[in-house]
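Chemist: Sending over a structure as structure tokens; questions will come in a sec.
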Amino acid sequence: MILDNAADDIAHYNKFALHYDLLANGIYQARSKLGAFSAQYEPYIVAGLIGFDMGRMMGKGLSRYDPTEKGFGAWLQLQLRSVQENLGDLLSVDLVEIDLETHAGSIERAYKCLAMTSRDPRPGEDKQFHVGATKILHWLMPNLFIMLDRNVASAFRDCHGLQYKRTTQPGYSAEKYIQCLGCAQKEIVHYDPERLRAHEPGTPLARLFDKVAWVAGLRTGQASDAP
């Protein structure tokens, strides 16, 4: 299982990825005060994406943040409306509690609107944003959604046989992401949610799993992305 060395892997992550943790903790605090879908929280989502190494896919300058400009900020504001329509009733649900079969359609629609829609105002500039989509979902609902990158995909491939490739683009999809959530849910239940939380009290459950999966995937020799 991915969680076989959970305590050691969380400690390893915390030692070598402190900068990500500092940023994540600030974002969680802002979310608790502002609300996941408030306009005031949107800049924190943008900051989280930039800080977790997604900036190269988000354009440049103030348009990343400013929804009145034609750029990422405007795109994000628009897409979050669709995400809220699909997932707004899951704000207080964690990864252990959710019935994934019941909510798979809503999660898939939210994922696809974040991953597959163009963020560039120029015609024909449609770019996929799969890793970014999982990070946006996590910033919105950190107890429910894990962040997925090449390392985490590698962990799911090696431990659960999910059909991710050993390439720069492993073959992300909404369907595979839901499969990852299902595998993570089963592992956490088997490991014991309270035992996992005890390794780092106060950290969202899905984030704890994500840390372990990132380190586990790193051990396979895959190139590192942002956690």
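The values are calculated or read from the model by the stated rules, or taken from the named source; none is laboratory data. Because the structure is a prediction, the values reported are computed rather than measured. Heads up, the Cβs are rebuilt from the backbone with ideal geometry, glycines too, and the neighbour counts pull from every protein chain shown.
Chemist: With the requirement that a residue be closer than 16 Å to ASP94 by Cα, among the hydroxyl-bearing types (Ser, Thr, Tyr) and assigned to a loop (DSSP other than H, G, I, E, B), what does region 161-209 give you?
Modeler: Once the filter is applied, which keeps residues that are closer than 16 Å to ASP94 by Cα, among the hydroxyl-bearing types (Ser, Thr, Tyr) and assigned to a loop (DSSP other than H, G, I, E, B), region 161-209 yields only THR203.
Chemist: Quick check on region 12-64: of everything there that is basic (Lys, Arg) and surrounded by fewer than 16 Cβ atoms within 10 Å (Cβ to Cβ), which residue is modelled with the lowest pLDDT?
Modeler: LYS60
Chemist: Still on this structure, I have one more. Filter region 54-87 down to the residues that are of a type in the set (D, E, K, R) and in a helix (DSSP H, G or I), then identify the one that is farthest from VAL189 (Cα to Cα).
Modeler: ARG64
So that you can scan it fast, the table gives a plain yes or no per residue for (1) among the acidic types (Asp, Glu); (2) within 18 Å of TYR172 (Cα to Cα); (3) in contact with a Pro (Cβ under 8 Å, 6 or more places away or on another chain):
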position	(1), (2), (3)
GLU69	yes, no, no
GLN77	no, no, yes
GLU85	yes, no, no
ASP89	yes, no, no
GLU97	yes, no, no
ALA104	no, yes, no
GLU108	yes, yes, no
TYR111	no, yes, no
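Chemist: A further question follows. Can GLY61 be described as at positive phi and out of contact with any His (no Cβ under 6 Å at 6 or more places or on another chain)?
Modeler: Taking the combined requirement at face value, the residue satisfies it.
Chemist: Sticking with this structure for a sec: Go over the candidates PHE145, PHE129, PHE156 one by one and state the one that is at pLDDT below 95 and surrounded by 22 or more Cβ atoms within 10 Å (Cβ to Cβ).
Modeler: Among PHE145, PHE129, PHE156, only PHE129 is at pLDDT below 95 and surrounded by 22 or more Cβ atoms within 10 Å (Cβ to Cβ).
Chemist: State whether one or more residues within region 65-80 are over 14 Å from HIS138 (Cβ atoms), in contact with a His (Cβ under 6 Å, 6 or more places away or on another chain) and either surrounded by fewer than 19 Cβ atoms within 10 Å (Cβ to Cβ) or of a type in the set (Val, Ile, Thr) (or both).
Modeler: no
Rundown of residues vs (1) in contact (Cβ under 8 Å) with a residue 12 or more places away in the chain; (2) outside any helix (DSSP H, G or I); (3) touching a Phe, Trp or Tyr at 6+ places or on another chain (Cβ under 6 Å), yes/no style:
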position: ASP89; (1), (2), (3): no, no, no
position: SER92; (1), (2), (3): no, yes, no
position: SER106; (1), (2), (3): yes, no, no
position: ARG109; (1), (2), (3): yes, no, no
position: SER154; (1), (2), (3): yes, no, no
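Chemist: Any idea how many residues of region 178-227 are of a type in the set (Phe, Trp, Tyr) and either modelled with pLDDT under 95 or within 18 Å of the chain's Cα centre (by Cα) (or both)?
Modeler: 2
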